[in-house]
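Visitor: Here you go, one structure.
The values are calculated or read from the model by the stated rules, or taken from the named source; none is laboratory data. It should be emphasised that the depicted structure is a prediction, and the values quoted were computed from it without experimental measurement. Here the Cβ is made from the backbone with ideal geometry for all residues, glycine too, and neighbour counts use every protein chain on show.
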């Protein structure tokens, strides 16, 4: 009988031929030293470069590596959701291909699940967080302005950083939250947290060490598109498109 997988690591990848290899090696090097079972899932989002070929080369040397190769581009939200739902782990982490927050953070995330939390998310905005290399001034300004809007419109008061690309969900949270998600691009983090909160799942923010990658694909339009998706999420809630039965869900998980 196969042992259960404790941790699934999902890495969304779009045109990441230059960054994905070192990230896979770093994750595998760390996890092979742990006493629990794991899997690494790279979900390729219709890449136009050699991302698939690069990842494929690691299959013979990374035993727990799996590849989902989408031939069409759908968006980061789509492939993160796809990877989370297809994963087998009791806990499911998604992290960025640039390794801006490293895999060893998981050890300080795990204890919070024992305290009853269902989503444990990295934050760059807590007092204990450390930014080794900051973003450009305009990204910081737009990010701060955008987060105020996210907290107001999304009802996510007290969560100063919804967009950090290092989040772990319990298997149950993935099943109930991710199966309802509809946003395919940058606003998916907001949607995930909004739905989790509406359904009574407990969310914990944890400080991280984060290093900005100057090759980041987040453009100025990404910020405005994210805010557009924020209002789409609010509209979806008003129209009941997420089919959330609050009474039944809250009986399962109390916030």
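Visitor: Just to be sure I understand, how many residues within the range 35-66 are surrounded by 21 or more Cβ atoms within 10 Å (Cβ to Cβ) and free of Cβ contacts under 8 Å to residues at least 12 places away in the same chain?
Guide: Final tally of qualifying residues: 0.
Visitor: Separate question: From the list 130, 167, pick out the single residue that is more than 24 Å from residue 232 (Cα to Cα) and either modelled with pLDDT under 95 or within 13 Å of the chain's Cα centre (by Cα) (or both).
Guide: Details: 167 fails: more than 24 Å from residue 232 (Cα to Cα).
Of 130, 167, the one residue that is more than 24 Å from residue 232 (Cα to Cα) and either modelled with pLDDT under 95 or within 13 Å of the chain's Cα centre (by Cα) (or both) is 130.
Visitor: Continuing with this model, one more query. If you check every pair at least six apart or on different chains, which have Cβ atoms under 6 Å apart with a residue in the range 140-164 that is at positive phi and surrounded by fewer than 18 Cβ atoms within 10 Å (Cβ to Cβ) first and a residue that is at pLDDT below 75 and part of a loop (DSSP other than H, G, I, E, B) second?
Guide: Listed by first residue and then by second, the contacts come to nothing, as the list is empty.
Visitor: If you don't mind, another one. Output the number of the condition that residue 157 fails; it satisfies all remaining conditions of (1) touching a helix residue (DSSP H, G or I) at 6+ places or on another chain (Cβ under 8 Å); (2) at pLDDT 90 or above.
Guide: (2)
Visitor: How many residues are surrounded by 20 or more Cβ atoms within 10 Å (Cβ to Cβ) and either without any contact (Cβ under 8 Å) to a residue 40 or more places away in the chain or over 18 Å from residue 74 (Cα atoms) (or both) if we restrict to the range 1-18?
Guide: From the range 1-18, those surrounded by 20 or more Cβ atoms within 10 Å (Cβ to Cβ) are 7-14, 16; that's our starting set.
Retained after the next criterion (residues that are either without any contact (Cβ under 8 Å) to a residue 40 or more places away in the chain or over 18 Å from residue 74 (Cα atoms) (or both)): 7-9.
Total meeting the criteria: 3.
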